[in-house]
Amino acid sequence: MMSFPRPLPLLGLLTCLAAVIGLTGCKKPFSDRAQDVSVFRFSDNGAPVTMDPVQSATQYANLMTTSIYDQLYEYKYLARPYELKPRLAEALPEVSEDGLLYTFRIKKGVRYSDHECFPGGRGREVVAGDFVYSMKRMFDPKNLPQGEWLWQGKIVGMDEWKKTGADYAQSIEGLRALDDHTIQIKLNKPFPQLTYTFAMGYSSFVPREAVELYGKEFGINPVGSGPYVLKSFTTKKAILVRNPNYREEFFNLEYEGYDPKKQSGLGLEKLDGNRLPIMDTAEVYFMKEEMSRWNSLNKGTEIHYGVIPIELTHMVTENLKPLKLKPDYEKKFTAMNLPELGIVYLYFNMSNPIIGHHPDPEQNRRNLLLRKAIRAGYDWPQRNRRYYNGIATIFPGTIPKGLDGYDEALGNESVTPDYEQAKRHLKEGGWTPENLPELDYNSVAGVRMTQLYEQFRGWMGKIGYPREKIKFVQYATFGDYNKAVKQKNCTLIGMAWGLDYPDAENVLQLFYGPNGSPGSNSSNFDDPEYNELFKKSIVMQPGPERTEIYRQLNKMIVDQVPAICGLSRNTLTVWHKNVVFLPSRNPHGSLLKYAYVFEDSKD
């Protein structure tokens, strides 16, 4: 799931808050400390452009969709490694011996939030047919879906339904509602990761009545059966309030995977026995600038959760591994290192013949050498020190440590700079300062992104690439940037991918040819050998044979250089002492429903 940090001046936030106040009737943007226990104020570094599940391709959209809608499954809040649990489903699916037939039974009596789209304004029961309808929407080209790649070629008749006109009146053999509470899915071939995909925002249950009422405006008028209802939304702030129709769900500390050896001291015991969602209101502030978030967090009366800006690390912390705050800050905040199950990487638009695939074999060879030269000049260790406090994990290839297929044997050659090797690649490819192509370095506008660009351009200068030939193409918002990427309008693309589920298949699919833009393969890498091996691997259960194929695929990415990989972030996160909260990166569902703000007698 794509993401990338994006800065925003504090003035922009305050302007937006003033606008929201005018709409909601609030007297001021943040309540007094005495009122803080009624609201959890979360902050994120980017905003979704839509809350339509078919387009929830970013972590920002996924946070909202998993809070507003229901999915069949989610992850236990505290369990690490991540572990699935039923959400709208009654239990894990029944699966046939050949792995092709899945039967899901959903809970009875679950209702959508009350809304004018329903007769009498009363939310009706969620039924299996809603799931069938919602999955059809993902394959309807009119919706510009971004998650189709998850199930493409996998469900019997699904792709054919799309090709023959996406007629909602037509049934699909492999996607059926056997009755109001039973879903049956028939696969063309085994897909061991199927159940994981039904914990993602893409797979949300959506009522047809709401989609037909709002049409293209449905993305900003979501209607679901999840723990929260959207009260208001701007690109700076979203207010979510408890869904009165939300079913009885209580927090069970042991069931959620509590580990007292690793998680004691966070106050998580306070959650036990609480009905979910715990907070009546959750406010999500989209604050791109880390310093703006930090200033808001430090006031004590604004946001509850944030990160320590890189510029202030040594002022705020005494130690990074393990994380320990300085005394004044330790009195105010709970802190932890938040490891990411994901990857930060720079990739090339391989559909662009000046740097990627080329029909002429000789030019194709030269382009490969150019990509190798750029990679050899890329300094991951320096980026780690400068922008990630030196505590990120650098690794070769795309498979992060801890996942099946990670290969230590790939060595560090692809993640450490070698400027002389880069020059040799350029020479072998016949590249000179005069004939090197102009390259667009694409990103979101902002101070941090400009710094990353200048750092990259400095590295390229060391290998003999004229600095003036690397242009910074900026986009006002991440939504604009992501749209340009999906339309193949970008050349060098800096991005982060948080895994949707804990299986290396989820990163390897980023380079599978049929997943090309607007799908998840935004690099548009399309190698026949890679495609065949990937297709072979996705029907296999975990085991030594699949592990070996994963490693082969990983090595092909290193050898063919569709991307420069990679790094997993480790974020220094803090939240107020009167808040019980366990932050998480992907994969996860609705974090907001577990947050608990209590009266702090020390304040």
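Brief remarks follow.
- With all protein chains modelled, accessible area of I343 [1.4 Å, Å²]: 0 Å²
- With both labels modelled 7 Å from their Cα along Cα-to-Cβ, the Q451 to K231 distance reads 3.5 nm.
- Translational diffusion of segment 41-181, µm² s⁻¹ [Kirkwood Rh, Cα pairs; Stokes-Einstein; 4 °C; 1.567 mPa s]: 76 µm²/s
- The simple spin-label model puts a point 7 Å past each Cα toward its Cβ; for E83 and K321 those points are separated by 2.9 nm.
- Viscosity 0.890 mPa s, 25 °C: Kirkwood-radius Stokes-Einstein D of segment 457-603 over Cα pairs, µm²/s: 130 µm²/s
- Note on the chain: with charges restricted to the Cβ of Lys and Arg (+1) and Asp and Glu (-1), its dipole about the Cα centre is near 1360 debye.
- Rounded, prolate or oblate (a/c below 1.5 giving rounded, otherwise prolate when a/b exceeds b/c) for segment 241-296 by Cα gyration tensor: oblate
- List R293, R122, R111, ordered by accessible area with a 1.4 Å probe, largest first: R122, R111, R293
- Taking label points 7 Å from Cα along the Cα-to-Cβ direction, M291 and K270 give a separation of 3.2 nm.
- Shape call, segment 191-310: gyration tensor on alpha carbons, a/c limit 1.5: oblate
- For the set E248, E83, the ranking by accessible area, highest first and with no ligand, DNA or RNA atoms included, is E248, E83 under a 1.4 Å probe.
- Length-normalised contact order of the chain in % [C-alpha pairs under 8 Å, at least 6 apart]: 21 percent
- Under the criterion of Cα pairs below 8 Å and six or more residues apart, the relative contact order for segment 273-324 equals 21 percent.
- Phi angles across segment 188-196 convert, under the Karplus curve 6.51 cos²θ - 1.76 cosθ + 1.60 with θ = phi - 60°, into 3J(HN,Hα) values of 6, 7, x, 9, x, 8, 3, 4, 4 Hz, Gly and Pro given as x.
- Value at 222 nm in deg cm²/dmol, rounded to 500, when DSSP H runs of n ≥ 4 in the chain each add -39,500 (n - 2.57): -8000 deg cm²/dmol
- Whole-Å distance, taken between Cα centres, linking segment 201-268 and segment 462-503: 30 Å
- Percentage relative contact order, segment 377-490, counting C-alpha pairs under 8 Å, at least six apart: 27 percent
- Solvent-accessible area, 1.4 Å probe, carbon plus sulfur percent, for the chain: 51 percent
- When Rg and Dmax are taken over the Cα atoms of segment 162-229, they come to 14.5, 38 Å.
- Bins of 10 Å, starting at 0 and running to the largest distance - Cα pair percent for segment 245-386: 8, 22, 25, 19, 14, 10, 1
- Convex hull volume of the chain per residue (C-alpha atoms, cubic angstrom): 153 Å³
- Charge-dipole axis of segment 259-336 as Lys and Arg at +1 and Asp and Glu at -1 on Cβ define it, positive-most pick from I278, T301, G265: G265
- A 1.4 Å probe run over segment 315-407, with the rest of the protein chains in place, finds 40 Å² accessible per residue.
- The charge dipole of segment 460-598, taken about the Cα centre with unit charges on the Cβ atoms of Lys, Arg (+1) and Asp, Glu (-1), comes to about 640 debye, rounded to the nearest 20.
- Of the listed residues T164, T450, T491, the order by accessible area with a 1.4 Å probe, largest first, is T164, T450, T491.
- Extension gain, R386 back to Q421 (0.36 nm per residue minus Cα-Cα distance, nm): 10.2 nm
- Per residue, the convex hull spanned by the alpha carbons of segment 434-511 comes to 127 Å³.
- Full extension of the segment from F472 to K142, taken as 0.36 nm per residue of separation minus the current Cα-Cα distance, would add 115.6 nm.
- Computed over protein heavy atoms with a 1.4 Å probe, the accessible surface of segment 526-599 works out to 32 Å² per residue.
- Using θ = phi - 60° and Karplus 6.51 cos²θ - 1.76 cosθ + 1.60, couplings along segment 227-240 (whole Hz; Gly, Pro as x): x, 10, 10, 6, 8, 7, 8, 9, 6, 10, 7, 10, 10, 10
- FRET efficiency, 1/(1 + (r/R0)^6) with R0 30 Å, evaluated for F250 and R208 via beta carbons: 0.45
- Computed from the alpha carbon positions, the gyration tensor of segment 265-333 leads to an equivalent ellipsoid with semi-axes of 25, 18, 10 Å, biggest first.
The values are calculated or read from the model by the stated rules, or taken from the named source; none is laboratory data. Note that the structure is predicted; figures quoted are calculated from it, not measured. Note that we place each Cβ from the backbone using ideal geometry, even for glycine, and neighbour counts take in every protein chain shown. Please note that ligands, DNA and RNA were not included when accessible areas were found on the heavy atoms of the full protein model with its side chains. Shrake-Rupley method; radii C 1.70, N 1.55, O 1.52, S 1.80 Å.
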